[in-house]
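A.B. asks: Mind looking over this structure? Questions follow.
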Amino acid sequence: MMERYDIHRSIPAILLALLVAATIFYAFVEVGFGEAKVDEEGSVSNRFISNSTQETGSSNFVTAVVVNYRGFDTLGEVTVLFLASAGMGAIVSALPAGDKRKRPIPPSLILTAGTRLVLPLIILFGSYVFVHGHLSPGGGFQGGVIIASGLLLYLVIFPEWKAPHKALALSESLAGLSFAGIGIIGLAVGGIFLDNVISGLGEAGMLVSAGLIPLIYIAIGIKVGAEMTGLVARMKGGDA
Amino acid sequence: MEVTELVVYGSILLLAAVGIWGILSRRNLIKLILSLTILQTAVNLLLVSVGYISGRSAPIVNGDTGLDGSPIGEIVDPLPQALVLTAIVIGLATTAIALIVAVGYYRSTGTLELKSWSYGPSNEKEVKK
């Protein structure tokens, strides 16, 4: 009877899904896939592409937009992530205790030894990604998530590990504060919140370049890494 | 219509349809959240595809384009990619909250099926079982 019930609900769902798909197709078939829409003078993207290397010193245009031109928006985005993390903590503390009867199967030697070997490399790679956010694909969010994925691996292999929630919260708060502090430096020196006051520092394309962008991305990387690790550890439940 | 366009738009439409169908017809919480994430992926893919320009490279300047000259005409539109980066992070936050609510539902009811939260003529019988 489960099957019949599902089919009974599925037919309108399929119809609505097809309707939405057709609407999207109808709306976007006119957009012109792969056409050069940014080349006209006066478009926002054109303005960014023409001036961002000179203005910010960043080689990566996406980073220049996310951290420099839309830096305030990114501060809000980081705040949303913090809110999700804090909200999860609040919900977890109100939940009934988890079922502890099921003992996990202990992992084999290969898994434990391999995890100990790979975890430092994953953290190193995540740090590389967020330190080089202004030069190569990636940035603070991506690097932070890579670090958290390494700690998720550790948590899966060693389920007894208790995440240091206080240390995670501390590094998260310090990273968030330094992001806001960098913004206030811009306000004090340049007169604009999050103004990239030392954008001329260094040569574009080198590690020391793009002014405050790498510093902001390092702060975001640490913050996202700590927050995501906390999220994943809370999801495991039990002691969280 | 080129092959690339067909493949990209086809996968977007497929993902959107699967996501909406899953949200409307599934009653397992994990499957619901999964459908929501699939729908988000479709929207993100759609936004990135709007900024795609055929034959151009990623929006990063390197030795080929030169750091002094303007790279206009050689890279794709960076703005949709930056917006999608924001959208992905917000999607992650909502997914995390949804998952922890699912954990709470499981702990208090012992199941992930939304049995009583549904409508339709066969609802009454389902609940009584």
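The values are calculated or read from the model by the stated rules, or taken from the named source; none is laboratory data. Note that the structure is predicted; figures quoted are calculated from it, not measured. Every residue, glycine as well, gets a Cβ built from its backbone with ideal geometry; the counts of neighbours run over all protein chains shown. SASA here: full protein model, heavy atoms, side chains in, ligands and nucleic acids out. Shrake-Rupley method; radii C 1.70, N 1.55, O 1.52, S 1.80 Å.
A.B. asks: Any idea what the relative contact order of chain A is, in percent, if you count C-alpha pairs under 8 Å spaced at least 6 apart?
C.D. replies: Here the relative contact order equals 25 percent.
A.B. asks: Can you pull the percent of the stretch A:59-237's accessible area that's carbon plus sulfur, 1.4 Å probe, other chains left in place?
C.D. replies: After summing per-atom areas, the C and S share lands at 74 percent.
A.B. asks: Would you compute the Debye intensity of the protein assembly as shown from its alpha-carbon atoms alone, equal scatterers and no solvent, and pass along log10 I(q)/I(0) at q = 0.11, 0.14 Å⁻¹ to two decimals?
C.D. replies: Rounded to two decimals, the profile gives -0.93, -1.27.
A.B. asks: Continuing with the same structure: Between chains B and A, what is the buried accessible area in Å², counting both sides, with a 1.4 Å probe and ligands, DNA and RNA left out, to the nearest 100?
C.D. replies: Interface area, both chains combined: 5600 Å², rounded to the nearest 100.
A.B. asks: Accessible area, 1.4 Å probe, largest first: how do B:Asp77, A:Asp73, A:Asp195 sort?
C.D. replies: A:Asp73, A:Asp195, B:Asp77
A.B. asks: Just to verify a number: FRET efficiency for A:Val208 and B:Leu112, C-beta to C-beta distance, R0 = 51 Å, to 0.05?
C.D. replies: 0.50
A.B. asks: Right, another one. Place a +1 charge on the Cβ of each Lys and Arg in the stretch A:59-237 and a -1 charge on the Cβ of each Asp and Glu, then give the dipole magnitude about the Cα centre in debye, rounded to the nearest 20.
C.D. replies: That gives a dipole near 920 debye.
A.B. asks: Now for a separate question. From the backbone phi of the stretch B:24-35, what are the Karplus-calculated ³J(HN,Hα) couplings (6.51 cos²θ - 1.76 cosθ + 1.60, θ = phi - 60°) in whole Hz, Gly and Pro given as x?
C.D. replies: Computed from phi, the couplings for the stretch B:24-35 are 7, 10, 8, 10, 8, 4, 5, 5, 4, 5, 4, 5 Hz.
A.B. asks: Mind checking the per residue accessible area of the protein assembly as shown for me, 1.4 Å probe, whole number of Å²?
C.D. replies: I get 52 Å² per residue for the protein assembly as shown.
A.B. asks: What ³J(HN,Hα) values, in whole Hz, does the Karplus curve 6.51 cos²θ - 1.76 cosθ + 1.60 give for the stretch A:220-226 when θ = phi - 60°, with x put for Gly and Pro?
C.D. replies: Once rounded to whole Hz, the list reads 5, x, 5, 5, 5, x, 5.
A.B. asks: I would also like to ask the following. If you take the charge dipole of the protein assembly as shown about its Cα centre, with +1 on Lys and Arg Cβ and -1 on Asp and Glu Cβ, which of A:Gly221, A:Gly32, B:Ala98 is farthest toward its positive end?
C.D. replies: The listed residue farthest towards the positive side: B:Ala98.
A.B. asks: Still on this structure: Which value, to two decimals, describes the C-alpha radius of gyration of the stretch A:59-237 once divided by 2.2 N^0.38 Å?
C.D. replies: 1.17
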